[in-house]
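Undergrad: This structure is in structure tokens; I'll ask about it shortly.
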Amino acid sequence: MKATPEHNQRIARMTFASVYPHYVTKVEKKGRTKEELHQVITWLTGFTEKDIQKLIDEKVTFETFFEKADLNPNAHLIKGVICGYRIEEIENPLTQQVRYLDKLVDELAKGRKMEKILRS
């Protein structure tokens with residue numbers, strides 16, 4: 001599937017705070033913890049626990065979220081399909097970064113080992 005400019009714009013305007021509870025629910029439903037979710041978010045973005053809470057409280061958009069992030073140099077190793085999109089083929093950098101996060105959360109929920117999720 002190819003992302004349209006409208007799709008990219010919708011993702012950019014979406015707030016991290018609106019999606020975060022869904023991430024928590026998804027991983028906890030599968031027996032993983034909020035701490036593991038934060039470990040994954042920290043690995044990808046460099047944000048601390050305090051940073052994550054502040055970004056939620058400020059209701060930042062994904063655009064601002066990833067502008068402030070210090071993306072992990074191994075993020076490019078995140079490959080595969082998420083929400084019908086092949087991550088490595090997504091042309092819009094922001095949409096790709098959001099899908100990186102989605103993929104990591106998905107892998108966590110599916111019970112993948114943390115060292116594999118964190119590409120170590």
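The values are calculated or read from the model by the stated rules, or taken from the named source; none is laboratory data. Note that the structure is predicted; figures quoted are calculated from it, not measured. Methodologically, a virtual Cβ is constructed for each residue, glycine included, from the backbone with ideal geometry; neighbour enumeration extends over all protein chains shown. Ligands, DNA and RNA are stripped out before the accessible areas are found, and what is left, the full protein with its side chains, is counted by its heavy atoms. Shrake-Rupley method; radii C 1.70, N 1.55, O 1.52, S 1.80 Å.
Undergrad: Restricting to the stretch 76-86, what's the tally of residues that are touching a Lys or Arg at 6+ places or on another chain (Cβ under 8 Å) and open to solvent by less than 70 Å² (accessible area, probe 1.4 Å)?
TA: Summing the residues that are touching a Lys or Arg at 6+ places or on another chain (Cβ under 8 Å) and open to solvent by less than 70 Å² (accessible area, probe 1.4 Å) in the stretch 76-86 gives 4.
Undergrad: Among the listed residues Phe65, Phe47, which satisfies the condition of being in contact (Cβ under 8 Å) with a residue 24 or more places away in the chain and aromatic (Phe, Trp, Tyr)?
TA: Details: Phe47 fails: in contact (Cβ under 8 Å) with a residue 24 or more places away in the chain.
The unique qualifying residue is Phe65.
Undergrad: Also: Quick one: Glu49 ticks every box in (1) touching a His at 6+ places or on another chain (Cβ under 7 Å); (2) at positive phi except a single one, so which number is it?
TA: Glu49 satisfies every listed condition except (2).
Undergrad: While we're here: Taking Lys79, is it assigned to a helix (DSSP H, G or I) and either charged (D, E, K, R) or over 18 Å from Ala12 (Cβ atoms) (or both)?
TA: Answer is no for this residue.
Undergrad: Same structure again: Filtering the stretch 38-60 down to residues that are within 24 Å of Met114 (Cα to Cα), of a type in the set (Val, Ile, Thr) and open to solvent by less than 20 Å² (accessible area, probe 1.4 Å), which residue is farthest from the chain's Cα centre (by Cα)?
TA: Taking the candidates together, the pick is Ile52.
Undergrad: Condition test on Ala69, is it under 17 Å from Val24 (Cβ atoms), among the small types (Gly, Ala, Ser), surrounded by 13 or more Cβ atoms within 10 Å (Cβ to Cβ) and modelled with pLDDT of 95 or more?
TA: no
Undergrad: Tell me which residues, restricted to the stretch 87-116, are open to solvent by 30 Å² or more (accessible area, probe 1.4 Å), over 16 Å from Ile41 (Cα atoms) and free of Cβ contacts under 8 Å to residues at least 60 places away in the same chain.
TA: Once the filter is applied, which keeps residues that are open to solvent by 30 Å² or more (accessible area, probe 1.4 Å), over 16 Å from Ile41 (Cα atoms) and free of Cβ contacts under 8 Å to residues at least 60 places away in the same chain, the stretch 87-116 yields Glu88, Glu89, Pro93.
Undergrad: Just checking, which of Glu28, Glu35, Glu63 is surrounded by fewer than 12 Cβ atoms within 10 Å (Cβ to Cβ) and in a helix (DSSP H, G or I)?
TA: Only one candidate passes the filter, namely Glu35.
Undergrad: Return a yes/no flag: does the stretch 101-120 have any residue that is under 15 Å from the mean Cα position of the chain (by Cα) and among the polar types (S, T, N, Q).
TA: no
Undergrad: Of these, Pro5, Pro21, which one is within 18 Å of Asp106 (Cβ to Cβ), open to solvent by 60 Å² or more (accessible area, probe 1.4 Å), of a type outside the set (Val, Ile, Thr) and out of contact with any helix residue (DSSP H, G or I) (no Cβ under 8 Å at 6 or more places or on another chain)?
TA: Working: Pro5 fails: within 18 Å of Asp106 (Cβ to Cβ).
Exactly one residue qualifies, and that residue is Pro21.
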